[in-house]
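*Asks:* Starting off with a structure, shown below.
The values are calculated or read from the model by the stated rules, or taken from the named source; none is laboratory data. What you are looking at is a predicted structure, and each value in this text was computed from that prediction instead of being measured. Note: ideal-geometry Cβ built from the backbone for every residue, glycine included; neighbour counts use all protein chains shown.
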Amino acid sequence: MVRGVVVFLCLQACALAAPTAGAPWSASDGGRIINGTDASIADFPWTVSLQLAGVHWCGASVIGDSWALTAAHCVFRHEVAAMSVRAGTSTRGSGGVVLNVSQAIIHDEFSYITAEYDIAVVQVAEPFPLGPTVQPVGLPAEGYDPPAGLPVTATGWGATQGGGAAVQLQSADLEVLQRSECEARLGQVHEVTASMLCAGHPSRAVCHGDSGSALVHAGTQLGVVSWGDSNCLGPVAVYGNVASARAWIRGVTGV
C-alpha cells in the first residue's frame, strides 16, 4: 500500500512536508472541534494554548508545576524563543497568564513522517500559577491501553464548523475505538501503531488547530491530538498514546 504524508492537526501548515493530498493542513483551513460545545476552563483547568509569536498554534496540557504536554509536531523545528503558553482562561487570545517557554523536548522516537510517538513536553520559564483554573491533569500508568468504548473528552480552540474563529474553549465527547478502525479508515495515510490511540464519534471530531490538546477520561489524559483525515468529517482521529510514553515523560520531567 502506498501511504501518504501524515495529516497533522496543527493550526497552520507543518510545512516541512510535501504538499500532497495527504499533507498537513494549511493556515487557510483554520481550526475547529466539529460539533463541540462551549466549555469553561474551570472544568478543564489543565488546558493551555501553546502560542508562536503570541498567536495560538496548538493545544497543550499542564502536567506539573512547570511542565506541559503537547504534540511533537507542534514544536518540531520551531524556535523556543518564539514559544509561550497562555493558561487559566477559556478564551485563547485573552485572559489568564502568559508564560514564556524555556525548553521543548521531543520524544526520542518521534518521526515526522510516520507520526510515531507524536509527544513532546515544554517547560515554562516560571511555575504555573496553580489554582481553580490552572491544575495539572492526571497521567495514566505506563502501558495502560484504554479499552474500546471508554468515554473520553477532547478540548481545543480554533474555528467552528461554520468557519468563524472560536473565542471560547470547545469540548467534544468521544469514545476510544479499536486501532483497527482507525487503520481501516486512515491506513492509506499511515499505519496506526501502539504509540497511537484511536478515538472518535459519528458526528463530533477534532480538527485543524486542535493538535497537542488533551484527550481525557475522568481527569486522566490518555491521548494527545495528533493526526487524521484532511476533511475532519470522518468519525475517527489518531492521538499520541500517553501511556506508551509515560516512562519517557517521567524521565525528562520528573512528573
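*Asks:* Do we have Leu215 as under 14 Å from Ala172 (Cα atoms), among the aliphatic types (A, V, I, L, M) and modelled with pLDDT under 95 here? Break it down stepwise before answering.
*Replies:* Numbers: under 14 Å from Ala172 (Cα atoms): yes; among the aliphatic types (A, V, I, L, M): yes; modelled with pLDDT under 95: no.
It is false that Leu215 is under 14 Å from Ala172 (Cα atoms), among the aliphatic types (A, V, I, L, M) and modelled with pLDDT under 95.
*Asks:* OK, next. Being among the hydrophobic types (A, V, I, L, M, F, W, C), at pLDDT below 90 and out of contact with any Pro (no Cβ under 9 Å at 6 or more places or on another chain): is that true of Val80 here?
*Replies:* Numbers: among the hydrophobic types (A, V, I, L, M, F, W, C): yes; at pLDDT below 90: no; out of contact with any Pro (no Cβ under 9 Å at 6 or more places or on another chain): yes.
When the stated conditions are applied, Val80 does not pass them.
*Asks:* Restricting attention to the stretch 85-100, and to residues there that are assigned to a loop (DSSP other than H, G, I, E, B) and touching a residue at least 60 places away in the same chain (Cβ under 8 Å), which single residue is farthest from Gln221 (Cα to Cα)?
*Replies:* At the first step, the residues of the stretch 85-100 found to be assigned to a loop (DSSP other than H, G, I, E, B) are 88-90, 92-96.
Subset that is touching a residue at least 60 places away in the same chain (Cβ under 8 Å): 90, 92-93.
Details: Ser90: 19, Arg92: 20, Gly93: 24 Å.
Among those residues, the one meeting the criterion is Gly93.
*Asks:* Here is a further query. When both residues are 6+ apart or on different chains and their Cβ atoms are under 9 Å apart, which pairs have a first residue that lies in the stretch 230-255 and is in contact (Cβ under 8 Å) with a residue 60 or more places away in the chain and under 16 Å from Thr193 (Cβ atoms), and a second that is buried (at least 23 other Cβ atoms within 10 Å of the Cβ) and of a type in the set (Phe, Trp, Tyr)?
*Replies:* Ala237/Trp227; Val238/Trp227
*Asks:* Further, regarding this structure: Out of Phe128, Phe44, Phe110, I need the residue that is aromatic (Phe, Trp, Tyr), free of Cβ contacts under 8 Å to residues at least 60 places away in the same chain and either closer than 30 Å to Glu191 by Cβ or assigned to a loop (DSSP other than H, G, I, E, B) (or both). Which one? Break it down stepwise before answering.
*Replies:* Values: Phe128 fails: free of Cβ contacts under 8 Å to residues at least 60 places away in the same chain; Phe44 fails: free of Cβ contacts under 8 Å to residues at least 60 places away in the same chain.
Going through Phe128, Phe44, Phe110 in turn, the sole match is Phe110.
*Asks:* Looking only at the stretch 59-84, count every residue that is within 24 Å of Thr114 (Cβ to Cβ) and in a loop (DSSP other than H, G, I, E, B) and tell me the total.
*Replies:* 4
Residues checked against (1) closer than 24 Å to Ala68 by Cβ; (2) surrounded by 24 or more Cβ atoms within 10 Å (Cβ to Cβ):
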site	(1), (2)
Ser180	no, no
Thr193	no, no
Gly209	yes, yes
Gly219	yes, no
Val224	yes, yes
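*Asks:* How many residues are under 22 Å from Gly59 (Cα atoms) and modelled with pLDDT under 90 if we restrict to the stretch 184-210?
*Replies:* Adding up the residues that qualify gives 8.
*Asks:* Quick one: Val124 ticks every box in (1) closer than 14 Å to Cys74 by Cβ; (2) in contact with a Leu (Cβ under 6 Å, 6 or more places away or on another chain) bar one, so which box is it?
*Replies:* Tallying (1) closer than 14 Å to Cys74 by Cβ; (2) in contact with a Leu (Cβ under 6 Å, 6 or more places away or on another chain), Val124 fails exactly one: (1).
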